[in-house]
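Single-structure report; data block below.
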Amino acid sequence: MKRPLTPFPTTGYFGPTYFCDRENELDQLIRNCSGGNSTTLIALRRLGKTALIRHLFHHVNKDFVTIYLDILATESLGDLLNKLSSAIAGIWTERSAPGQKAWKMIRSLRPVISYDALSGAPIVSVKSTPEESKKTIAELLAFLEKQQRPVLVAIDEFQQILEYPEEHTDAWLRSLVQNLGNVNFIFSGSQQHIMRELFTDPGRPFYRSTQFLKIGKIDPEIYANFIAGHFRRRSRPVDDQVIKDILKWADGHTYYVQLLCNRIFLSKSRKITPSVWKEEASRILKEQEFVFFGYREMLTKNQWSLLKAVASEGPVYHPTNATFISTHALGSSASVLRSLDALLRMELVYKEQDEKGKSYYGVYDILFSRWISGIRSV
Ligand SMILES: Nc1ncnc2c1ncn2[C@@H]1O[C@H](COP(=O)(O)OP(=O)(O)OP(=O)(O)O)[C@@H](O)[C@H]1O
Ligand SMILES: [Mg+2]
């Protein structure tokens, strides 16, 4: 496996050395797939769903054929077919015995086959009708079902299937999936309310067909040890308090922790002092400023005020609370609710439940929160 440029990668998966914890989550995933159960994996954006799937695959790829499909950019069943075909074509060459069968199905649709410039992986592209796509996806899944080794298919950003123009895609897929014994699935997604609805609403085809796994933030103590270990192993001394402050600034949110540590690592200073991390943090915010001003351009005045209010207050349990509204001059509670709805839809604000089951709102972009706490007048 390739080595990352720093011990704190912000994209991709580079093996267990650069992956912190998730031991319990990994255990549960292994138990699920070993027991023939599919899993629904949900978490807020950028907490580490995709990396966890990669981590799982790293651990089970001797026992399972592992297939990863990121369907965020797909817009139809035809696109889904292309993803699945490409993944299968990347595992079995056309000359291998199993490959011959799979490639025959793919070739029957007269595909254009190209190769990824970096990885060399095949990219299959067919133009098929929805009926042809359905038929071939079913055939390819039947092909996987017949493999000697069990197969694990992870469909990342699964909620995207609801955007396909073909109707009842989830019902159709469920009817295929439920007949498979040798193929298990991980359905992963970050739009938690949609994922929940898909899998917990009795009226939906996937209702209770999987085990749920919701991932949260990594335990701060474990993350602190992981960070300290990587710095100290490279003779970069860092005090425990500095690591605590870094984790606090990044709110323990995996991507932001990784980003800040990545930048600190790249700084020339050998010792990681408070001024070193703070300088890197403010540089990150400066670079992101145009994104934040972009939010302001995109939003109505009320939405912008509410976004700033949620960002500066941290978790907000009662957005229509009178003090909250008056402190931030948010107008009427009806307009707050309208703006909140819009911000949720735009994925700028999320709704979560705490350990006691109480709902609260927070902003997705922790960098924005830190920026807004520093500059109040925008
Ligand atoms: N356990 C971990 N240890 C170290 N780094 C991690 C860990 N989990 C995730 N990361 C890193 O955090 C970043 C975000 O993770 P990832 O892309 O897996 O999140 P995600 O939940 O799939 O996000 P999205 O919802 O945007 O798809 C990545 O850079 C990844 O390398
Ligand atoms: Mg992801």
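Bear in mind these aren't lab numbers, they're just calculated from the coordinates by the rules spelled out. The model shown is predicted, which means the values in this text are computed figures rather than measured ones. Neighbour counts are summed over all protein chains in view; Cβ atoms, including those assigned to glycine, are modelled from backbone coordinates with ideal geometry.
Observations
- Report summary: the helix-based calculation at 222 nm, which adds -39500 (n - 2.57) for every DSSP H run with n ≥ 4 and divides by the residues of the chain, gives -15500 deg cm²/dmol.
- FRET efficiency, 1/(1 + (r/R0)^6) with R0 35 Å, evaluated for D354 and L118 via beta carbons: 0.25
- Backbone HN-Hα couplings from phi across the stretch 280-296 [Karplus 6.51/-1.76/1.60, Hz, Gly and Pro as x]: 5, 4, 6, 5, 4, 4, 4, 5, 8, 3, 5, 5, 5, 5, x, 4, 4
- Model label points for H58 and K2, set 7 angstrom from Cα along the Cα-to-Cβ axis, are 1.5 nm apart.
- Beta bridge orientation in the chain: antiparallel %, DSSP, nearest 5: 30
- Computed E for N24/E167 - FRET, C-beta separation, R0 35 angstrom, nearest 0.05: 0.35
- The longest stretch of the chain left intact once loop-based chymotrypsin sites (Phe, Trp or Tyr not before Pro) with at most 15 other Cβ atoms within 10 Å are removed from consideration, loops following DSSP, is 1-206.
- Computed log10 I(q)/I(0) for the stretch 299-378 at 0.12 Å⁻¹: -0.29, from the Debye equation with unit scatterers placed on every C-alpha and solvent omitted.
- Straight-distance crosslink candidates among lysines, where the alpha carbon sits under 23 Å from K358 and sequence neighbours closer than 8 are dropped: K214, K217, K248, K308
- Look at where the Cα atoms of the stretch 1-46 and of the stretch 53-101 average out, and the two centres are 18 Å apart.
- For GluC sites (Glu not before Pro), the sites in the stretch 306-354 that DSSP calls loop and that have at most 14 other Cβ atoms within 10 Å are E347.
- Annotation for the stretch 203-261 versus the stretch 321-378: alpha-carbon center distance of 24 Å.
- Aspartates and glutamates with Cα under 19 Å of K244, excluding same-chain neighbours fewer than 8 positions away: D21, D219, E221, E279, E280
- Loop-resident sites, the stretch 292-324, for trypsin sites (Lys or Arg not before Pro), counting at most 10 other Cβ within 10 Å (DSSP): none
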